[in-house]
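Only the coordinates and a few stated rules stand behind these numbers; no lab work does. Remember, predicted model here, so these are calculated numbers, not experimental data. Here the Cβ positions follow ideal geometry from the backbone for every residue, glycine too, while neighbour counts run over all protein chains shown.
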Amino acid sequence: MALEHPWTQPPVRGTALTVAPGVKWLRMPLPFQLDHINLWLLEDGEGWAIVDTGVGLDDVRALWEQIFAAELGGRPVTRVVLTHFHPDHVGNGGWLTERCSVEFWCTQAEFLIAHVAVQSTAPRHAEARARHYRRNGCDEPALASLARRGNHYPRLVPTLPGEFRCIREGEALAIGGRR
């Protein structure tokens, strides 16, 4: 059985594709083998909620500026929602919340682990990462590559919001007043 997608082409960089009433799909580039991340705009009252942010690099921020100029229909961003702490999801969290003057919504655990990850740059942190990857099957060449790279998180997440609005685990977030 083949997987069928309702859209044969993804949205072009810097644009959004409406996939359902009040839901827009956009893509941002990644500097990895997986070369993109899917992000979302959700209609939220009089504006748009951003779900996930892409990595915190200049080219991604330039694409966000294109989205703001062409895809929001003059409506404001109402909040930024984080699904999880990976750098491709939170990388522009600080920049977007500051630029749009909105709150950052996530669970407490994701907020805290993002802050830990961005600050984990000491040699003891590198040793802990190596032990983790070794336990989980990384071979020595892969471990050496990871050691050369170091903690890439701070490069991809240059700023984080200093505070957040808590989404409790297991509790639905009300977007646009609906649960």
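Numbers below:
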{"read-out": "Cα gyration tensor shape for region 51-90, rounded if a/c is under 1.5, else prolate or oblate", "value": "oblate"}
{"read-out": "Which of 70, 125, 3, positive extreme of dipole for the chain (C-beta unit charges)", "value": "125"}
{"read-out": "Gyration tensor (alpha-carbon) shape descriptor, region 1-40, a/c threshold 1.5", "value": "oblate"}
{"read-out": "Given charges at beta-carbon only (K, R positive; D, E negative), |dipole| of the chain in Debye", "value": "420 debye"}
{"read-out": "Label-point gap, in nm, between residue 84 and residue 32 - each point 7 angstrom along Cα→Cβ", "value": "1.0 nm"}
{"read-out": "Protection proxy ranking, peptides 122-131, 153-162, average beta carbon neighbours within 10 Å, highest first", "value": "153-162, 122-131"}
{"read-out": "Percent RCO, i.e. relative contact order, over region 14-168, from Cα pairs under 8 Å lying at least 6 residues apart", "value": "22 percent"}
{"read-out": "Helix 123-135 vs. the chain, principal-axis angle (Cα, 0 to 90°, nearest 10)", "value": "90 degrees"}
{"read-out": "Normalised contact order of region 1-76, rounded percent, pairs of Cα under 8 Å and 6 or more residues apart", "value": "24 percent"}
{"read-out": "Prolate/oblate/rounded call for region 62-138, Cα gyration tensor, a/c under 1.5 rounded", "value": "prolate"}
{"read-out": "Sum of side-chain charges, residue 14 neighbourhood, beta-carbon under 11 Å (Lys, Arg +1; Asp, Glu -1)", "value": "-1"}
{"read-out": "DSSP bridge orientation in region 1-149 - percent antiparallel, rounded to nearest 5", "value": "70 percent"}
{"read-out": "Chain lengthening between residue 59 and residue 152 when straightened (0.36 nm per residue, less Cα-Cα)", "value": "31.8 nm"}
{"read-out": "Two-site label geometry, residue 159 and residue 70: point separation in nm, points 7 Å out along Cα→Cβ", "value": "2.5 nm"}
{"read-out": "Approximate spin-label separation residue 9-residue 134, in nm, with each point projected 7 Å along Cα-to-Cβ", "value": "5.0 nm"}
